[in-house]
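Laboratory data are not the source of any read-out in this text; all were calculated from the coordinates shown. Because the structure is predicted, anything quoted here is derived from the model rather than measured. Every residue, glycine as well, gets a Cβ built from its backbone with ideal geometry; the counts of neighbours run over all protein chains shown.
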Amino acid sequence: MNNTPSFQDIIYSLIGAIPKGRVVTYGTLAKMAGYPSYVRQVCQVIRKVPTGSTLPCHRIINGQGKLSVTGEHYIRHKKALMGEGIIFGPNDKIKLKQYLWEGFD
DNA sequence: CACCTGACCATCG
DNA sequence: CCGATGGCCAGGT
């Protein structure tokens with residue numbers, strides 16, 4: 001038994017806590033987990049998450065308000081986000097000022 | 001044990 | 001605005 005939860009567990013919990021119609025950046029997610037510099041690890045963890053997971057990994061974007069994924073993932077995420085009422089800009093850019101979730105509702 | 005990779009971010013010119 | 005660069009850390013080979 002680990003008293004100390006793994007970084008991965010924290011990330012998983014946070015992802016499941018993202019409200020609908022909101023998004024988070026990798027950096028924000030890392031800060032919320034308590035490890036602001038672990039942004040690269042967040043990347044590793046999320047990348048490991050299977051597409052069929054219950055976790056809304058499609059609500060995770062990069063700091064530029066754009067999807068950091070390519071190909072099939074990009075399409076899937078974009079559709080999921082639009083289905084939640086999130087509007088994409090002319091260059092498929094999301095307004096972080098409006099949708100970014102920093103832990104408070 | 002050393003090197004490479006990764007769905008990133010901030011800074012600089 | 002955009003490209004290049006450095007930093008960050010763990011996991012895989």
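Please specify each residue of region A:49-72 satisfying the condition of being more than 20 Å from A:PRO5 (Cβ to Cβ), out of contact with any Leu (no Cβ under 9 Å at 6 or more places or on another chain), part of a loop (DSSP other than H, G, I, E, B) and without any contact (Cβ under 8 Å) to a residue 40 or more places away in the chain.
A:PRO50, A:THR51, A:GLY52, A:ASN62, A:LYS66, A:VAL69, A:THR70, A:GLY71
Condition (residue is out of contact with any helix residue (DSSP H, G or I) (no Cβ under 7 Å at 6 or more places or on another chain) and of a type in the set (A, V, I, L, M)) applied to region A:42-60: is it met by at least one residue?
Scanning region A:42-60, I find no residue that is out of contact with any helix residue (DSSP H, G or I) (no Cβ under 7 Å at 6 or more places or on another chain) and of a type in the set (A, V, I, L, M), so the answer is no.
From the list A:GLY27, A:GLY65, A:GLY71, A:GLY52, which one is in contact with a Lys or Arg (Cβ under 7 Å, 6 or more places away or on another chain), of a type outside the set (Asp, Glu) and within 12 Å of DNA strand B (Cβ to nearest atom)?
Step by step, each of A:GLY27, A:GLY65, A:GLY71, A:GLY52 is checked, and only A:GLY65 is in contact with a Lys or Arg (Cβ under 7 Å, 6 or more places away or on another chain), of a type outside the set (Asp, Glu) and within 12 Å of DNA strand B (Cβ to nearest atom).
Picking from A:ILE18, A:ILE46, which residue would you name as being among the β-branched types (Val, Ile, Thr) and in a loop (DSSP other than H, G, I, E, B)?
After ruling out the rest, the residue left standing is A:ILE18.
Rundown of residues vs (1) basic (Lys, Arg); (2) more than 18 Å from A:ALA17 (Cα to Cα); (3) surrounded by 12 or more Cβ atoms within 10 Å (Cβ to Cβ), yes/no style:
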position: A:GLY27; (1), (2), (3): no, no, yes
position: A:GLY34; (1), (2), (3): no, no, no
position: A:SER37; (1), (2), (3): no, yes, no
position: A:VAL45; (1), (2), (3): no, no, yes
position: A:GLY52; (1), (2), (3): no, no, no
position: A:LYS66; (1), (2), (3): yes, yes, yes
position: A:HIS73; (1), (2), (3): no, yes, yes
position: A:LYS79; (1), (2), (3): yes, yes, no
position: A:ASN91; (1), (2), (3): no, yes, no
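Here are A:LYS97, A:LYS78: which of them is in contact (Cβ under 8 Å) with a residue 12 or more places away in the chain and more than 14 Å from A:GLN8 (Cα to Cα)?
Of A:LYS97, A:LYS78, the one residue that is in contact (Cβ under 8 Å) with a residue 12 or more places away in the chain and more than 14 Å from A:GLN8 (Cα to Cα) is A:LYS78.
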